[in-house]
Structure formats: C-alpha cells, structure tokens
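The values are calculated or read from the model by the stated rules, or taken from the named source; none is laboratory data. Since the model is a prediction, treat every value here as computed from it, not as a measurement. All Cβ positions, glycine included, derive from the backbone under ideal geometry; neighbour counts span all protein chains shown.
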Amino acid sequence: MAGIFSVYFSPHKQLYQSLKNILGFYPQNISLYLLAFRHRSAGSDNKENHPINNERLEYLGDAVLGAVVAHYLFKTFPYKDEGFLTKMRSRIVSRVQLNQVARKIGLDELINASLSNKAKFGSITGDAFEALIGAIYLDKGYKEASGFIINRIIKLHLNIDDIENKETDFKSRLIEWSQKEKQELVFEILEEPSHENNMQYKIGVMVNGVEKGRAINFSKKKAEQIAAEAACNLLQL
C-alpha cells in the first residue's frame, strides 16, 4: 500500500485520491493506473517501438472480469442452469453495461484521450474500466480485483433483476429491424488485427451503404455489438 506521505508529495496526488475514492484503497504502482487510462489516441511508442496504451491491460482485465462474474453468478444462483449463467455473465460484462458503470464511478474524467476519439468510440469508457481491472490485478492480485468487482461494482451499481430482463443484443435487434423494414444491413470489417500495433477489430455498420455506427474491440463479436448499439441509438430503435 502506498504510504500517505508518498501520496501527499506525489505529482499524481490527485489521481491517487480519485482512485482511493473509486477503489477503496490507494494504489501501490501508480504507473499501472496511468497506463490503464491511456487510450491509444494519446499513446506513443517506447524505445522498442511498442505502443504505450491501455489495450494490453484491457485484454487482461476482460479475462479477470469474466472469471470473477462467472464465479459470483455460480455462487449466487446455485439452481440456475448453464444457459442462464452464460446469459447473465454476457449481459453484466457487455460493453453497454461497462460503459454505464465506468461513467457512474467517474472513469470518464480520468481517461487520457483526444476529444475526437472520446466522441467517436462509445466504448472508450468501458475499455478503460476493463484496463482498470487489469491494473488492480497486477498491482494487488486476484483477491483485491475480485473484491472491487463484487463489492464496489456489482453490489453498488448493478441490479441483477433489471439486467436479467434487459435486452442487450443490439445486433439481433438491428437485423430484425432491417428485415422488417427491408433495409440493406452489412457489418463491415474496416480493419483487422494485423500486427502488434493493431490488435483490434474495427467494425462498421452500413445501412443501405451509409455508415450508421462503428466500434473497435479485441473481439469481433463485441465490436459488432458496440457498433450495432451505436446504430440503434442513431436510428432510435
């Protein structure tokens, strides 16, 4: 745990205090958290030409978050089948849900990114949330990361009953609308992972040849869902 003396005289004093309010503890390795909030638009390369941004921490945090939520649901619903548990985990860790939670706890105020990218990619806050989980895991270990997710996120900010009844499959909603309205709908891959500097998919949603939403993510399916959500919002579906 960072000593109060070192926190007080740190050039990152404000970040330390913000994180204490969010996490319930002071970080040990503040550099991990600085990296967690660094979007690739604000990133640079190190001496080995490796990008300095939060994408690797996002990847790690995604895995930790999924494991913690799966275990929590397994214990909370001992008589529910695999289908229910899978559906609930998917909804809790959906980009829609993570974006909302990230804004609730104030992560949007800590993100280091250009305004154009904040406006363009609606998943930026959810990505930072997953990167934060990765930072906690590396800084404090699995137990602390799990405690944060369960006690300060799920129990304080999520209503399991509401989540169970909420539709989050925006891609299916968009497909159903396009078929009903006889609109040409295409999920176009604008960019694929190709090398270490580009590890994510960029997906665009095209309606009658006009882009209605786009998103980037390590997972092609998640990118499609995020882009579909943007399109549904634009089309007011």
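Could you say whether any residue in segment 175-182 is more than 24 Å from ASP62 (Cα to Cα) and touching a residue at least 12 places away in the same chain (Cβ under 8 Å)? Yes: segment 175-182 contains one or more residues that are more than 24 Å from ASP62 (Cα to Cα) and touching a residue at least 12 places away in the same chain (Cβ under 8 Å).
Do we find that ALA119 is part of a helix (DSSP H, G or I) and either at pLDDT 90 or above or crowded, with 19+ Cβ neighbours inside 10 Å (or both) in this structure? So that I can check it myself, show each step before the final result.
On the way: part of a helix (DSSP H, G or I): yes; either at pLDDT 90 or above or crowded, with 19+ Cβ neighbours inside 10 Å (or both): no.
Answer is no for this residue.
Pull up segment 72-104, narrow it to residues that are among the polar types (S, T, N, Q) and closer than 15 Å to PHE129 by Cβ, then point me to the one that is surrounded by the fewest Cβ atoms within 10 Å (Cβ to Cβ).
It comes out as GLN100.
Residues considered: GLN225, GLN200, GLN179. Of these, the only one that is of a type in the set (S, T, N, Q) and touching a helix residue (DSSP H, G or I) at 6+ places or on another chain (Cβ under 6 Å) is GLN225.
Just a yes or no: is a residue in segment 94-111 of a type in the set (Lys, Arg), outside any helix (DSSP H, G or I) and modelled with pLDDT under 85? Checking segment 94-111: not a single residue is of a type in the set (Lys, Arg), outside any helix (DSSP H, G or I) and modelled with pLDDT under 85.
Take GLU144 and decide whether it is more than 18 Å from the chain's Cα centre (by Cα) and either surrounded by 14 or more Cβ atoms within 10 Å (Cβ to Cβ) or assigned by TED's automatic domain parsing to the domain that holds ALA67 (or both). The answer is yes for GLU144. In summary, ILE124 fulfils each of the numbered conditions (1) over 11 Å from the mean Cα position of the chain (by Cα); (2) of a type in the set (A, V, I, L, M, F, W, C); (3) at pLDDT below 90 with the single exception of condition (1). Across segment 194-212, the number of residues qualifying as touching a Phe, Trp or Tyr at 6+ places or on another chain (Cβ under 9 Å) and farther than 17 Å from ASP127 by Cα comes to 3. So is ILE133 part of a helix (DSSP H, G or I), among the β-branched types (Val, Ile, Thr) and closer than 22 Å to MET199 by Cα or not? Judged against the criteria, ILE133 is a match.
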